[in-house]
Amino acid sequence: MKTYENTGSKDTRSGFGAGLTELGRTNEHVVALCADLIGSLKMQQFIDENPERFFQIGIAEANMMGIAAGLTIGGKIPFTGTFANFSTGRVYDQIRQSIAYSGKNVKICASHAGLTLGEDGATHQILEDIGLMKMLPGMTVINTCDYNQTKAATIAIADHKGPVYLRFGRPVVPNFTPADQKFEIGKAVQLQEGNDVTIVATGHLVWEALEAAKTLNEKGISADVIDIHTIKPLDKEAILKSVKKTGCIVTAEEHNYLGGLGESVARELSLEHPTPQEFVATQDTFGESGTPAQLMEKYGLNADAIVKAAQKVVKRK
Amino acid sequence: MADIQQLEAFVTQVRRDILRQVHKVNSGHPGGSLGCAEFFVALYQEVMERRDGFDMDGIEEDLFFLSNGHISPVFYSVLARSGYFPVEELNTFRLLNSRLQGHPTTHEGLPGIRIASGSLGQGLSVAIGAAQAKKLNKDKHTVFALMGDGELQEGQNWEAIMYAAANQVDNLIATVDLNGQQIDGSTDKVLDLGNVRAKFEAFGWTVLDIEDGNNLSAIINGLKKAKSLSGNGKPVCILLHTVMGNGVDFMMHTHAWHGKAPNDEQLADGLSQNPETLGDY
């Protein structure tokens, strides 16, 4: 098995902030918008260096999405920043009409996604955003797993023409992907090679999948682990290649099983290679207050849950 | 200024285009379209500084955003007759595979359209973004927007109105089509808008009224005055007092023709009131 070293835990939102800062220095077309959450989104460095290219919108997310769409008319590449809940559900029709249907080159950057937002509770813990965004024609949907990957993704999406939803989070998590990685939209990353079960994970669940693979290995189950940072367009070739080898699959995500990564994977498999699948995801429920670790344990979104799902799906082969 | 009589003739033809578009497909929105025919003609034929051809970024030219997208028939007619696409294409309004969708969209690549609209309340925010992009690009041109009065019931407008004043978006002229009508009746009865002038002024806008919003000279003078008022630290709002259905007597002063097409007889009646001037498509 390959060994992955945590080079120092950080929050993925800081990866976004670092990527945005670099874009501020390298791409004059990039502008940033925020709805009263500069600190949470780690945007201060970009603002300090490019005050004329930053737009403080206030607590008015619908207006932010419209202004972002308008800024593209004139050649700007707007990056909007707020929590995932306010980046999607609150402004769905604005994104649908003014950005997606209008084909505008807006990058919707969403922090504090999922349960790991923690103590603020369910009002802020959106678990439906991947589904909302992936249903929009032309929308690219990315959910990054650590600081380095989030930074690389932030930089990469500036060069992609078209709307993008970039999802990341609040908590400090292991940073284990290479600092110098080249982020390729729509290209899965093979993390472990195995023969007995495929584990496809996204976001914070990728590290948990690596931990689960170690445990499974001790139990005599070898896992193929794939980091699927891009949920749309989905790298179906990588998934199909793996399940043709292993014969079963676990998908893992910090999202409702309805509308998430697991459903996208299931669709591809049902069309091309029907395969037993287990879903590590929330089970059509809202979250609640608690620490991130408590919540991920209670709602079954950690390495233990992945191990159990893998053991179950192997028996279904 | 262009000869007013020529512009009147242009308006008459636009009215014919509106009626014929919605009649052919037995759907669409003639009432608000007719009420704004003079405004669109004044804007595109007299007021806006436009470049030849169409480029999405619209650098070094004035831009226009239609927020109340359901009045697409007047928008399409004036765009076509201003050279953005062939006038004959008005024949395809609302048909399958057409670039002239029920509500305007960039999706089919129709020249002249820079944003999809139809779901109300979104256009002003987009216009603000485009105006701020112009400032970043050091482009001195103006961004125009049109909203319906009923549309002001959408909350996003007030986010945008607050933002534009607070951020001194003074290269923006937003017009409200005050025809006093919406689908379920008069705006007073459905949800009273109150004093729209006082509201815009309280938010920090410069406001001017065009009392006869169906009089070409009054509109041109008002738009030019608005342009002269821009660049002074405040966004400018024009309250355009129009008559819904203007120019077709049986469609005037009622919300009944908001989203209803004339039948054959009614079409003939409407066309007889507006003789062909520039040539039907």
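Quick notes on this structure:
- Hey, residue B:177 over 27 Å from residue A:56 (Cβ atoms) and open to solvent by 40 Å² or more (accessible area, probe 1.4 Å) or not: no
- Residues satisfying the stated conditions in segment A:211-259, i.e. open to solvent by 30 Å² or more (accessible area, probe 1.4 Å) and in a strand (DSSP E or B): A:232
- Any hit, segment B:255-272, residues being more than 16 Å from residue B:149 (Cα to Cα), open to solvent by 60 Å² or more (accessible area, probe 1.4 Å) and assigned to a loop (DSSP other than H, G, I, E, B): yes
- Residue B:279 vs. criteria assigned to a loop (DSSP other than H, G, I, E, B), in contact (Cβ under 8 Å) with a residue 40 or more places away in the chain and small (Gly, Ala, Ser): yes
- Where residue A:198 falls short, out of the listed (1) outside the structural domain of residue A:282 (by TED's automatic domain parsing); (2) surrounded by 24 or more Cβ atoms within 10 Å (Cβ to Cβ); (3) polar (S, T, N, Q): (1)
- Where residue B:217 falls short, out of the listed (1) in contact with a Gly (Cβ under 8 Å, 6 or more places away or on another chain); (2) in a helix (DSSP H, G or I): (1)
Condition check ((1) part of a strand (DSSP E or B); (2) free of Cβ contacts under 8 Å to residues at least 12 places away in the same chain; (3) open to solvent by 10 Å² or more (accessible area, probe 1.4 Å); (4) within 12 Å of chain B (Cβ to nearest Cβ)) across all residues:
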{"residue": "A:32", "(1), (2), (3), (4)": "yes, no, no, no"}
{"residue": "A:46", "(1), (2), (3), (4)": "no, no, no, no"}
{"residue": "A:55", "(1), (2), (3), (4)": "yes, no, yes, yes"}
{"residue": "A:59", "(1), (2), (3), (4)": "no, no, yes, yes"}
{"residue": "A:66", "(1), (2), (3), (4)": "no, no, no, yes"}
{"residue": "A:78", "(1), (2), (3), (4)": "yes, no, no, yes"}
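- Qualifying residue in segment B:140-156 (condition: outside any strand (DSSP E or B), open to solvent by less than 10 Å² (accessible area, probe 1.4 Å) and either free of Cβ contacts under 8 Å to residues at least 24 places away in the same chain or at the interface with chain A (Cβ under 10 Å from one of its Cβ atoms) (or both)): no
- Residue in segment B:227-242 that is under 22 Å from the mean Cα position of the chain (by Cα), surrounded by fewer than 15 Cβ atoms within 10 Å (Cβ to Cβ) and either in a helix (DSSP H, G or I) or not polar (S, T, N, Q) (or both) present: yes
- Residue match in segment B:162-173 (condition: at pLDDT 95 or above, away from chain A (no Cβ under 14 Å) and either touching a Ser or Thr at 6+ places or on another chain (Cβ under 8 Å) or on the phi < 0 side of the Ramachandran plot (or both)): yes
- Pairing residues of segment A:87-110 that are within 21 Å of residue A:16 (Cα to Cα) and within 11 Å of another protein chain (Cβ to nearest Cβ) with residues that are open to solvent by less than 10 Å² (accessible area, probe 1.4 Å) and part of a strand (DSSP E or B), at Cβ distances under 6 Å and at least 6 apart in sequence or on separate chains, gives A:106/A:78.
- Close pairs (8 angstrom Cβ cut-off, 6 or more residues apart or separate chains): open to solvent by 40 Å² or more (accessible area, probe 1.4 Å) in segment A:11-30, among the basic types (Lys, Arg) anywhere: A:22/A:151; A:29/A:76
- Residues in segment A:80-108 that are part of a helix (DSSP H, G or I), of a type in the set (A, V, I, L, M, F, W, C), closer than 17 Å to residue A:41 by Cβ and open to solvent by less than 10 Å² (accessible area, probe 1.4 Å): A:84, A:91.
- Pairs linking a residue in segment A:124-137 that is assigned by TED's automatic domain parsing to the domain that holds residue A:264 to a residue that is not charged (D, E, K, R), with Cβ atoms under 8 Å and 6 or more positions apart or on different chains, do not occur.
- Selected residue (only one of A:181, A:125, A:149 is part of a loop (DSSP other than H, G, I, E, B), more than 14 Å from chain B (Cβ to nearest Cβ) and crowded, with 24+ Cβ neighbours inside 10 Å): A:125
- Flag if residue A:77 is modelled with pLDDT of 95 or more, closer than 21 Å to residue A:137 by Cβ and outside the structural domain of residue A:292 (by TED's automatic domain parsing): yes
- Here no helices (runs of 4 or more DSSP H) wholly within segment B:16-127 include at least 2 residues being open to solvent by less than 10 Å² (accessible area, probe 1.4 Å) and within 13 Å of another protein chain (Cβ to nearest Cβ).
- Only residues that are open to solvent by less than 10 Å² (accessible area, probe 1.4 Å) and among the charged types (D, E, K, R) were counted in segment A:272-313, giving 0.
- The listed residue being without any contact (Cβ under 8 Å) to a residue 12 or more places away in the chain and surrounded by 16 or more Cβ atoms within 10 Å (Cβ to Cβ), out of B:136, B:216, B:172: B:136
The values are calculated or read from the model by the stated rules, or taken from the named source; none is laboratory data. Only a predicted model underlies this, so the values are computations on that prediction, with no experimental measurement involved. For neighbour counting, all protein chains shown are included, and Cβ atoms are generated from backbone atoms with ideal geometry for every residue, glycine included. Please note that ligands, DNA and RNA were not included when accessible areas were found on the heavy atoms of the full protein model with its side chains. Shrake-Rupley method; radii C 1.70, N 1.55, O 1.52, S 1.80 Å.
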